[in-house]
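Report on one structure; see the data block that follows.
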């Protein structure tokens, strides 16, 4: 007599069974994952009510929350005269939050906190599908505690939504490799298409990675079947990616805002030229939005962006290294070791698929960030899921090996990682660096005498000590996505001081304008949306902006500016020094207010009739 042997169900209440997780996972897996998710949520949310949000994106979210028309067309200003210079996928979520909870600082930031925690949970599932719960738990912890991720998820930058959707795409790719179902591959394409709505062309970087993983490891015996599935995947990703911009482009231009980031009111130019080809150029700048910041007189962008002068600092030194470089070398070592160990495994081996998926994700992003001319530090958070997955897989393999040579090399790699972390922490307080040395020495010495499982945990603690300390410093210092751990006082003056003072000044000026006698249609006009966004955010009133974010948008024209002034519609105008024809006209026909000078970052003119 034969029977079916089944795994016994776990006893206990519904709550306790949920807490322990499915029967096919270790009892410790779900509680540990929930602990990591809670810790991540605390780090991301701590003090967000006192954070200064990104002024441009939060102003857009406030304007978009005011009406369905503004929401759909991604209007920057309440009257919807110009759009934001990005696709609005991530800002839509912020606008919904502002619509539901009101125009509060935390309502713009809350969506990113939730998205960051969801990313941790989805990454665990994606890694577990191919590599098991131990690797998944380590990967989730590494990604959740990465300084770049902690800083990013404390703000309202679109990259948080991008990363969540890309991890969801990787999860569906892993599901395809496990099951062979085309449905999962189509869902993967859907996630990539939605990620495109959040961060445009960057979402497509993992398309070749997914394709390679499916071609190499999907359990379809026929190559033709795998290619057909990839056809559905690619078509879905492309259609969803281009859907909103194609629809808006077909609608009458007169009924929608002018598309910022373009010279001919084109979303395709905005996405594929301004936000793609131009960004790869060493000479890319933000034009007149690059205000001088006082002190040394350096530009706003110069303090925030990793430029082309030292591409090494994009990832491995300086601000880029402090943001995400800590564990990249260790992840690459894990990738090489895992690939070598998998060289004789069958094509459909799940570990091989995971190596292709996460290794490809890491390599292609590292290559892109080293090649392009300028990198905002928060871009680098997209590396965290792949770094976490590879280190998790490496920790699992190390824990299971009996090869003394492998174990010795692993310890050397971790010791080198600790030394590298100490070097990257050069700007940290002296006691922090001393503490890192003590922690590394103690943990490695204990690991030399510990059992395999404990030795692996101790070595992970050694490798994670420096980046985790940097992540905690981000929270302790009240930093956000524009900051890097242990940044200089000059950079902090830009990311903390300049942003906060701009918002305070906007509120003060709004109060003064409200008390002024008389009435004009536009009490305030600014040159560039970057200069106007604090006023839109603080008041929710229309503030016409000239030239879009960089000053390069051809709206309004000089003739339109002249008409507005001649009709008495304009009160105060704030300008940045530039030779733009519209600014020249204002300076010739309006009166400069006292206190301005040619070298000032912002000049004030009154165009009101007296």
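The values are calculated or read from the model by the stated rules, or taken from the named source; none is laboratory data. Owing to the predicted nature of the structure, the values given are computational and were not obtained by experimental measurement. Glycine also receives a Cβ, built like all others from the backbone with ideal geometry; neighbour counts cover every protein chain displayed.
Would you confirm whether or not segment 242-255 contains a residue that is closer than 18 Å to residue 553 by Cβ, assigned to a helix (DSSP H, G or I), under 24 Å from the mean Cα position of the chain (by Cα) and in contact (Cβ under 8 Å) with a residue 24 or more places away in the chain? Yes, segment 242-255 contains a residue that is closer than 18 Å to residue 553 by Cβ, assigned to a helix (DSSP H, G or I), under 24 Å from the mean Cα position of the chain (by Cα) and in contact (Cβ under 8 Å) with a residue 24 or more places away in the chain. Report yes if residue 180 is out of contact with any helix residue (DSSP H, G or I) (no Cβ under 8 Å at 6 or more places or on another chain) and either crowded, with 20+ Cβ neighbours inside 10 Å or in the same structural domain as residue 349 (by TED's automatic domain parsing) (or both), otherwise no. So residue 180 fits the description; yes. What about residue 72, is it surrounded by fewer than 24 Cβ atoms within 10 Å (Cβ to Cβ) and assigned by TED's automatic domain parsing to the domain that holds residue 169? Judged against the criteria, residue 72 is not a match.
For the condition more than 20 Å from residue 150 (Cβ to Cβ), touching a residue at least 60 places away in the same chain (Cβ under 8 Å) and surrounded by 19 or more Cβ atoms within 10 Å (Cβ to Cβ), residue 368 does not qualify. The residues of segment 71-97 that are more than 21 Å from the chain's Cα centre (by Cα) and either farther than 16 Å from residue 532 by Cβ or free of Cβ contacts under 8 Å to residues at least 24 places away in the same chain (or both), listed by number, are 71, 72, 73.
I'm trying to understand the selection: among the residues of segment 313-327, which are touching a helix residue (DSSP H, G or I) at 6+ places or on another chain (Cβ under 6 Å) and not in a loop (DSSP other than H, G, I, E, B)? Within segment 313-327, 313, 314, 315, 319, 320, 321, 322, 323, 324, 325, 326, 327 meet the criteria. The residues of segment 436-454 that are crowded, with 16+ Cβ neighbours inside 10 Å and free of Cβ contacts under 8 Å to residues at least 24 places away in the same chain amount to a single one, 443.
Only one entry in 225, 197 is over 30 Å from residue 107 (Cβ atoms), assigned by TED's automatic domain parsing to the domain that holds residue 314 and either surrounded by 22 or more Cβ atoms within 10 Å (Cβ to Cβ) or at pLDDT below 95 (or both), namely 225. Only a single criterion out of (1) farther than 20 Å from residue 105 by Cα; (2) in a helix (DSSP H, G or I) is not satisfied by residue 486, namely (2). Filtering segment 465-476 to residues that are closer than 22 Å to residue 110 by Cβ and surrounded by 14 or more Cβ atoms within 10 Å (Cβ to Cβ) leaves 471, 472, 474, 475.
Just one of the listed residues (343, 322) is out of contact with any strand residue (DSSP E or B) (no Cβ under 7 Å at 6 or more places or on another chain) and closer than 20 Å to residue 409 by Cα, namely 343. When you go through 288, 310 one by one, which is the residue that is in contact with a strand residue (DSSP E or B) (Cβ under 8 Å, 6 or more places away or on another chain), modelled with pLDDT under 90 and either in a loop (DSSP other than H, G, I, E, B) or surrounded by 20 or more Cβ atoms within 10 Å (Cβ to Cβ) (or both)? Answer to the selection: 288.
Applying the set (1) surrounded by fewer than 24 Cβ atoms within 10 Å (Cβ to Cβ); (2) more than 19 Å from the chain's Cα centre (by Cα); (3) at pLDDT 95 or above to residue 188 leaves exactly one unmet item: (1).
The test for being more than 30 Å from residue 491 (Cα to Cα), assigned to a helix (DSSP H, G or I), assigned by TED's automatic domain parsing to the domain that holds residue 383 and at pLDDT 95 or above does not hold for residue 362.
Is there a residue being without any contact (Cβ under 8 Å) to a residue 12 or more places away in the chain, in contact with a helix residue (DSSP H, G or I) (Cβ under 6 Å, 6 or more places away or on another chain), assigned to a helix (DSSP H, G or I) and in the same structural domain as residue 353 (by TED's automatic domain parsing) anywhere in segment 414-434? Yes, that holds for at least one residue.
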